[in-house]
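Bear in mind these aren't lab numbers, they're just calculated from the coordinates by the rules spelled out. Small disclaimer: the values here were computed from a predicted structure and weren't measured. Heads up, the Cβs are rebuilt from the backbone with ideal geometry, glycines too, and the neighbour counts pull from every protein chain shown.
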Amino acid sequence: MQVVNYDNEKVDIAMIDPGAFEASFLFNIIGENNRLKVLTCLMEKAQTVGEIREETKIEKTLLSKHLKALRSAGIVFSTRTGRNLKYQINPRLRKPGHRRSIFLHCCEIKLRPAR
């Protein structure tokens, strides 16, 4: 039995719904302000690091760190186009007709365009 502390109580990990556990992990990843800026930037189309940086005003090394976290969690992925990497939201988290939404296991997250 693998046990973790949750709100000062011991909880058997086997008793946690895997979907809820994964959703909690994803919320933790996307809950950071700069990562939400990046996701909002990518809602409409794939973009290069330079385009993301220009739109979000996030410093280059910090942006790289956030893109790595989003990529590692499977929320975004990159494709190489010549010398550039283009990032986009994982299509498995999208549904047709929902351009501004990301679908997790438990809910839909709608992001408004940046102002």
Using only alpha carbon pairs under 8 Å that are at least six residues apart, calculate the relative contact order of the range 24-110 and give it in whole percent.
27
Computed FRET efficiency, Cβ-Cβ of ALA46 and ALA23, R0 30 Å: what is it to the nearest 0.05?
0.75
Chain lengthening between GLN88 and CYS106 when straightened (0.36 nm per residue, less Cα-Cα)
4.3 nm
Eligible lysines near LYS65 by straight Cα distance, threshold 28 Å, same-chain separation 8 or greater
LYS37, LYS45, LYS57, LYS86, LYS95, LYS110
Which length gain, in nm to one decimal place, applies between GLU54 and HIS98 when the Cα-Cα distance is subtracted from 0.36 nm times their residue separation?
13.3 nm
